[in-house]
Amino acid sequence: MKHLFTIIFLFVGLQASDVKKESAFQDGEWFQFRMSYSGWFKAGEATLKVNEKSLNGKKVFHVVGKGKTTGLANAFFKVRDRYESYFDKETGVPYKFIRKIDEGGHTKDIEIDFDHEEKKATINNKKHKKVKTITTEEDVQDMVSMYYYLRNSIDIDALTKGDEIKTNMFFDEENYGFKLKYLGREIIKIDINGTDVKVKTLKFRPYVMAGRVFKEEESLTLWVSADKNKVPLKIKADLAVGSLRADLVAFKGLKHSFEVLPKNFKD
């Protein structure tokens, strides 16, 4: 349960090319996810909210991701996580990342400032009152900005089943290289705002580190809407003990029409 909300905020790792002119999202977009353990036990909820702001004279999107345990899970293992990213409105490069978490008493309070010209990240560990600077990789993203940057970059028509894709991310105090495989298209049923609908999706298999948390390298599966929004619809993770699901249950403020299939559509 400790890694419950880190998983949802790490759900995308696609290789980006040039950012398209037409953005996939806008100011005011909001998602809500329901988290469940082993398919039936409600474990918590998470939200993602986008706002336009200004940071050091630059126009940015400020995304806030929040996660918390609920119900019985909250009684046994209380989690309150908050992730923030400030990234350039035009290019998508991150300028600032904040991670403030409390997971069963395990706490972190980290603020990262990125210098892309120097390829450096300055990490302010507020809990331990330490500041350090680390060299970053080319075109680095933080764990939140990555998803929004890639939503503007994915060329749906160019994807071929079996494609393996790589990207760079900086998390806490380390550079991470992610790889994932495109598994093709799939139609899934989801419950959005209390209504069951069928949606065309793009299915991906991110590679993760097998061991204490994940059962094996191919333990994580992601479904993204195959429309202009590229909305994360479902995530499934096979853990070392049990499994975890995250399902999108509500949204508002989408920039583009959310495409659903007719009620009488048959697979």
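Throughout, read-outs are computed from the coordinates displayed, never taken from laboratory work. Keep in mind the model is a prediction, meaning the values are calculated, not measured. Reconstructed Cβ throughout: ideal geometry from the backbone, glycine too, with neighbour counts over all protein chains shown.
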- Taking one equal scatterer on every alpha-carbon of the stretch 28-184, how large is log10 of I(q)/I(0) by Debye at q = 0.09, 0.10, 0.12 1/Å? -0.35, -0.43, -0.63
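Within the chain, what's the longest stretch lacking chymotrypsin sites (Phe, Trp or Tyr not before Pro) that sit in DSSP loops with no more than 15 other Cβ atoms inside 10 Å?
Details: sites that count: 40, 258, 265.
My reading of the result: 41-257 is the longest stretch.
Around residue 113, with a cut-off of 10 angstrom between Cβ atoms, what is the net charge of the other residues, counting Lys and Arg +1 and Asp and Glu -1? Could the numbers behind the result be given before it?
On the way: positive: 96, 120; negative: 111, 115.
Once positives and negatives cancel, what remains is 0.
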- Message: Looking at the stretch 113-166, I'd like the Rg to Rh ratio, where Rg is from alpha-carbon atoms and Rh is Kirkwood's inverse mean 1/r.
- Response: 1.14
- Item | Whole-percent pair-distance distribution, where bins are 10 Å wide, for the alpha carbons of the stretch 20-84 | 19, 38, 24, 15, 4
- Item | Pairs beyond 25 Å (Cα-Cα), from 89/127; 96/166; 120/255; 96/127; 228/252 | 89/127; 120/255
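With +1 assigned to the C-beta of every Lys and Arg and -1 to the C-beta of every Asp and Glu, and no other charges, what is the dipole magnitude of the stretch 31-182 about the Cα centre in debye, to the nearest 20?
On the way: 28 positive and 25 negative charges, 175 e Å.
It comes to approximately 840 debye.
With N set to the residue count of the chain, report its C-alpha Rg divided by 2.2 N^0.38 Å to two decimal places. Please report the intermediate quantities before stating the final value.
Details: Rg = 18.0 Å, N = 267, 2.2 N^0.38 = 18.4 Å.
Ratio of Cα Rg to 2.2 N^0.38 Å: 0.98.
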- With a cut-off of at most 11 other beta carbons within 10 Å, and DSSP calling the residue loop, which trypsin sites (Lys or Arg not before Pro) in the stretch 110-205 qualify? Please list them. 127, 129, 161
- Message: Run the helix sum for the chain: -39,500 (n - 2.57) per DSSP H stretch of 4+ residues, divided by residue count, reported at 222 nm to the nearest 500 deg cm²/dmol.
- Response: -1500 deg cm²/dmol
